[in-house]
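The values are calculated or read from the model by the stated rules, or taken from the named source; none is laboratory data. Keep in mind that this is a model prediction, so the values were computed, not measured. Quick reminder, even Gly has a Cβ in these numbers, built from the backbone with ideal geometry, and neighbours come from all protein chains shown. In case anyone asks, the SASA skips ligands and DNA or RNA and just uses the protein heavy atoms, side chains included. Shrake-Rupley method; radii C 1.70, N 1.55, O 1.52, S 1.80 Å.
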Amino acid sequence: MVSVTSEASRGRSKKVCVIGAGPAGLVSARELRKEGHKVVVMEQNGDVGGQWLYQPNVDEEDPLGRSSGSIHGELKVHSSIYSSLRLTSPREIMGYSDFPFLAKKGRDMRRFPGHKELWLYLKDFCEAFGLREMIRFNVRVEFVREEEEEDDDDVRRWIVRSKDTLSGKVMEEIFDAVVVATGHYSHPRLPSIKGMDSWKRKQIHSHVYRVPDPFRNEVVVVVGNSMSGQDISMELVEVAKEVHLSSKTLDISSGLSKVISKHQNLLIHPQIESLEDDGRVIFVDGSWVVADTIIYCTGYSYKFPFLESKGRIEVDDDRVGPLFEHTFPPCLSPSLSFVGIPRKLIGFPFFEAQAIWIAQVLSGKSSLPSSDQMLQSVTEFYRSRDLAGIPKHNTHDIADFTYCDRYADYVGYPHLEEWRKLLCLSALNNSQENLETYRDSWDDHELLQEALQSSHFTNLNP
């Protein structure tokens with residue numbers, strides 16, 4: 001079988017466009033440059049951080065985050081972070097392999113800090129490795145398409161058209177490779193509910209939720225029992241008249257049960273049957289409530305409105321594919337790749353492993369299987385997910401440390417430390433039992449000491 005890494009690409013520096021300067025894009029830029037490539041990062045906002053760059057003003061965004069009115073299908077607001085959001089994982093497990101997420105004096109030193117602290121960590125990372133010089137800020141990528149092949153079948157290049165959002169200047173450039181690192185917590189995934197389009201009262205997606213005050217004294221229905229649905233419900237219960245949490249299942253965690261038992265104005269319901277013109281929200285068990293506002297905490301979809309791939313890479317019910325190991329589209333590899341698609345894993349170390357692999361494949365240090373072999377692998381992966389009864393829209397939900405370690409083996413990246421895995425599970429278990437307090441009260445002190453004494457924290461470079 002012929003390797004996809006061609007002779008033409010071996011040992012040669014590539015001109016690479018990285019789209020996005022969030023956690024995935026920043027570490028991609030670092031690893032690509034380390035491997036000798038010439039890197040341009042295009043970032044639509046005025047600073048680094050991606051999702052972690054808090055955007056308090058959502059007035060211009062569609063309340064349901066629909067981007068249909070936009071020519072390129074992009075949103076006005078990228079970040080979906082709300083003001084009070086705190087990390088759901090302890091800071092010790094979050095950092096890149098050689099840049100621990102340390103508590104710093106004068107900043108938010110909590111183990112589960114607020115979102116600003118993670119943004120400052122990303123700024124520190126950017127500063128420590130001199131990444132800012134590679135980034136063009138306030139530049140939105142409008143389209144990416146393959147350059148028409150002329151005479152060399154072995155070399156694929158990409159035309160990237162970008163627009164400076166401040167000056168309006170449009171640029172078209174040619175790159176040897178494009179790395180897509182645009183995140184997946186921006187484009188709302190909405191349910192289909194009878195009467196939803198004609199319901200006259202307020203409906204928003206959590207993408208535009210920032211603070212609880214606008215919902216003071218209202219009857220609010222929160223749809224979705226996710227971490228954000230639970231967080232937002234617990235915050236609203238202090239100001240709203242009533243909060244009705246609609247969940248796919250009434251088999252809820254003991255942590256959520258404890259919260260509901262504490263608050264008379266917080267009630268749990270099954271899924272919604274229909275929305276009525278008189279303001280009623282009718283649930284599938286026949287119960288109903290007249291609501292002022294519905295907040296959909298129903299997750300996010302993958303969208304790449306700038307990518308013109310002639311159908312060779314598509315998003316089908318949130319399955320981005322075909323992608324070999326969630327990273328490389330077989331027939332467009334290695335010149336097109338994606339970092340940060342997988343969910344339900346310890347993100348930053350995984351993005352780092354992806355970035356190293358992409359950088360090494362582009363330089364010729366590593367090689368990929370043939371297109372046919374990669375496609376076969378993707379087909380087998382899809383079949384295994386189907387047999388396991390996993391819905392298509394959960395294709396990229398990993399929730400498997402073994403997979404992360406196996407992925408790391410492609411480039412000899414270190415396996416996740418045992419303490420990192422155990423601290424992750426400990427926080428998850430604690431949140432299931434003690435939803436209101438798990439970020440401030442824990443019993444994993446021995447594990448924490450093991451982590452802090454590990455080489456991740458003790459081998460600090462100046």
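Quick notes on this one:
- Cβ-Cβ under 9 Å pairs, at least 6 apart or on other chains, region 193-212 side small (Gly, Ala, Ser), far side part of a helix (DSSP H, G or I) and surrounded by 20 or more Cβ atoms within 10 Å (Cβ to Cβ): Ser206/Ser228; Ser206/Gly229; Ser206/Ile232
- Taken over region 427-458, the criterion of being buried (at least 19 other Cβ atoms within 10 Å of the Cβ) and of a type in the set (Ser, Thr, Tyr) is satisfied by Ser431, Tyr438.
- Boolean, Pro305 is open to solvent by less than 20 Å² (accessible area, probe 1.4 Å) and either at positive phi or out of contact with any Ser or Thr (no Cβ under 7 Å at 6 or more places or on another chain) (or both): no
- Look at (1) buried (at least 17 other Cβ atoms within 10 Å of the Cβ); (2) at pLDDT 95 or above; (3) within 20 Å of the chain's Cα centre (by Cα) and you find that Glu35 fails only one, number (3).
- Residue in region 404-426 that is most open to solvent (accessible area, probe 1.4 Å), counting only those that are of a type in the set (Gly, Ala, Ser) and within 24 Å of the chain's Cα centre (by Cα): Ser426
- Considering the conditions (1) out of contact with any Lys or Arg (no Cβ under 9 Å at 6 or more places or on another chain); (2) aliphatic (A, V, I, L, M); (3) within 30 Å of Lys392 (Cβ to Cβ); (4) touching a residue at least 24 places away in the same chain (Cβ under 8 Å), Leu307 is excluded by exactly one of them, (1).
- Residue that is most open to solvent (accessible area, probe 1.4 Å), among those in region 249-275 that are at pLDDT 95 or above and among the charged types (D, E, K, R): Lys262
- Apart from one condition, Val361 fits all of (1) surrounded by fewer than 16 Cβ atoms within 10 Å (Cβ to Cβ); (2) touching a residue at least 12 places away in the same chain (Cβ under 8 Å); the exception is (1).
- Residue in region 127-147 that is surrounded by fewer than 18 Cβ atoms within 10 Å (Cβ to Cβ) and of a type in the set (A, V, I, L, M) present: yes
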